[in-house]
Amino acid sequence: MEALRCLPGVGPKSASRMAFHLVERDRVGAERLAHALLAAAEGVRHCRRCRNLSEAELCSVCADPARDASLLCVVETPADVLAIEQATGFRGQYFVLMGRLSPLDGIGPSELGLDRLEARLDEGQVRELILATNPTVEGEATAHYLAMLARERGIRSTRIAHGVPMGGELEYIDGGTLAHAFSGRREV
Amino acid sequence: MRVELEAAYVLHARAYRETSLLLEAFSLQHGRVGLVARGVRGARSRTRALLQPFQPVLLSWRGGGELATLSGVEAAGPALALQGERLLGGLYANELLLTLVARDDAQPALFAHYQALCAALAAGTPIEVALRVFERDLLDALGYRLLLAQAADGSPLQAALRYRYVADEGAHPASGVDDGVPVAGASLLALGRGELADAAARADAKRLLRAQLERLLNGRRLRTRELARALLGGARGEPATSSIPEGAHRR
Ligand SMILES: [Zn+2]
């Protein structure tokens, strides 16, 4: 039970519920879970090219010759890659920052390893840098910094749009999001 | 202690535990306060957007000491959409406040100066001018007011004269002293008026203010300044951010 508590959102109660379920009703599932976790803990590393989590030296996106290497999408975390892969038809490649620039926390370009991204841009294949960092102050600062890196190299950079969530109602949306959506309006 | 609907800005927010944020806020009547905002990082939390820097808010909290608990937040106006260099300028001001202003020290005048800075950054005032005026006002609020109308001997500053500005004393005619920051009389007067129209005045003001702030920083590094320098230096081979201090970490 203690072991399950390391999962986010799992308190003592749900930990004991999960543990009893696995041990009493689903021994096979418990063993499969144990093997999968062991394999993941031992085998998962960071892709050499994009730094996403991967079991091989190159992740499946970087290893796929059909992906367009001229489109490079920069995200903060591996979870962001997964979200974009599942929700969009994006056919380019990624670079995972594993964080964001946060000067007030002491995280600058070198702490974030941005030299790796610069090296990637210097290879000359990238034509468009898509900045998909979060719409937070740190995410915006990071996007600005990356846009400058791209500009120096004559590479076009684009920022993903932020606005009203699909199915959302304007009156319930926070002011910042609404202001952003309003200033980002476009011709229809 | 209970504080209700206090005008404030969040200076910095950092993730804390699974769903909470640790906030450093700057408030009108209570100065800098540390707050924990519980349960605001959920996917559907509307509060989170209000707890970003540069969003004027009304904050309510309970408790005191090092860390009080946020009990409410309302928008007090539209968020300032600072972008690019203006955003970095705003973050620099936040870092100055976090580094130089002690917690729980009411600074209502400084709060007004900070508000004015945010407005200036959002309105398109030249960034350098907005930041220099804020630095001047910050020094004033911290008890290190610059003398920008009179020379050290009490005589009115002459625009056409060269001076050397000596900390804690003021401007001396340049011919009379060796120490201090060399600066034109016109630049001191311009900084006093908050109008740094020409490049020479801006350069003088920057050097003067930098020297005074450096004394207060006492060797502490400003990470936003290093980031700005890395940007200016083309971010390439620039040593500004290469030495990693203790406590720096990746997330
Ligand atoms: Zn990869």
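Observations, loosely collected:
- Protein-protein interface of the range B:23-56, residues with accessible area decrease of at least 30 Å², isolated chain reference, 1.4 Å probe: B:Arg46, B:Ala49, B:Gln52
- The residues neighbouring B:Arg32, those whose beta-carbon lies less than 9 Å from its own, together hold a net charge of -2 under the Lys/Arg +1, Asp/Glu -1 convention.
- Here each label is just a point 7 Å from Cα along the line to Cβ, and for B:Ser71 and A:Leu58 those points are 5.9 nm apart.
- Among A:Val23, A:Val74, A:Val126, the residue with the largest mean-square fluctuation in a Gaussian network model of chain A, with springs joining Cα atoms closer than 10 Å, is A:Val23.
- The protein assembly as shown, helix-only ellipticity at 222 nm - DSSP H runs n ≥ 4, -39,500 (n - 2.57), divided by all residues, nearest 500: -11500 deg cm²/dmol
- Shown for the range A:151-188: residues covered by the partner protein chains by 30 Å² or more of accessible area relative to the chain by itself (probe radius 1.4 Å), namely A:Glu152, A:Tyr172, A:Asp174.
- Mean per-residue shielding of peptide B:85-92 is 3, counting Cβ atoms of other chains within 10 Å of each Cβ.
- Prolate/oblate/rounded label for the range B:10-128 (Cα gyration tensor, a/c 1.5): oblate
- Remark: the Cα gyration tensor places the range A:4-43 in the oblate category, a/c being 1.5 or greater and a/b not exceeding b/c.
- Restricting the trypsin sites (Lys or Arg not before Pro) of the range A:86-160 to loop positions (DSSP other than H, G, I, E, B) with no more than 15 neighbouring Cβ atoms within 10 Å leaves A:Arg91, A:Arg127, A:Arg153.
- Peptide-level mean, for A:140-146, of C-beta atoms on other protein chains within 10 Å: 5
- Legend: calculated FRET efficiency, A:Glu24 to B:Glu4, from the Cβ-Cβ distance at R0 = 41 Å, rounded to 0.05, equals 0.20.
- Restricting attention to chain B, close to 90% of DSSP beta bridges with both partner residues there are antiparallel.
- Note that the range A:68-159 presents 37 Å² accessible area per residue, ligands and nucleic acids not counted, probe 1.4 Å.
- Portion, in percent, of the accessible area of the protein assembly as shown that falls on carbon or sulfur, probe 1.4 Å: 53 percent
- Heavy-atom surface of chain B, accessible at 1.4 Å and reported per residue (Å²): 48 Å²
- Antiparallel DSSP beta bridges within the range A:1-115, percent to nearest 5: 40 percent
- Note on A:Val10/A:Leu38: beta-carbon distance plugged into 1/(1 + (r/R0)^6) with R0 of 22 Å gives a FRET efficiency of 0.70.
- In Hz, Karplus ³J(HN,Hα) per residue of the range B:142-155 (6.51, -1.76, 1.60; θ = phi - 60°; x = Gly, Pro): 8, x, 10, 4, 7, 8, 10, 10, 10, 6, 4, 8, x, 6
- Spin-label model, A:Arg151 to B:Arg38: label points 7 Å out along the Cα-to-beta-carbon direction sit 4.5 nm apart.
- Counting only other chain Cβ atoms within 10 Å of each residue's Cβ, the peptide A:130-136 averages 1.
- Solvent-accessible area buried by A and B, counting both chains, probe 1.4 angstrom, square angstrom: 2900 Å²
- Pair B:Arg17, B:Ser175: separation of 7 Å Cα→Cβ label points (nm): 6.9 nm
- Global geometry of the range A:68-159, whether rounded, prolate or oblate, following the gyration tensor of its Cα atoms and the 1.5 cut on a/c: oblate
- Euclidean distance of C-alpha centroids, the range B:87-125 and the range A:106-142, integer Å: 27 Å
- Sequence-separation-based contact order of chain B, relative, with Cα cut under 8 Å and 6+ spacing, percent: 13 percent
- Short-range pairs are left out: with C-alpha atoms under 8 Å and at least six residues apart, the relative contact order of the range B:105-181 is 19 percent.
The values are calculated or read from the model by the stated rules, or taken from the named source; none is laboratory data. This one's a predicted model, so the numbers in the text were calculated from it and none came from an experiment. Heads up, the Cβs are rebuilt from the backbone with ideal geometry, glycines too, and the neighbour counts pull from every protein chain shown. Calculation scope for accessible area: heavy atoms of the full protein, side chains included, ligands and nucleic acids excluded. Shrake-Rupley method; radii C 1.70, N 1.55, O 1.52, S 1.80 Å.
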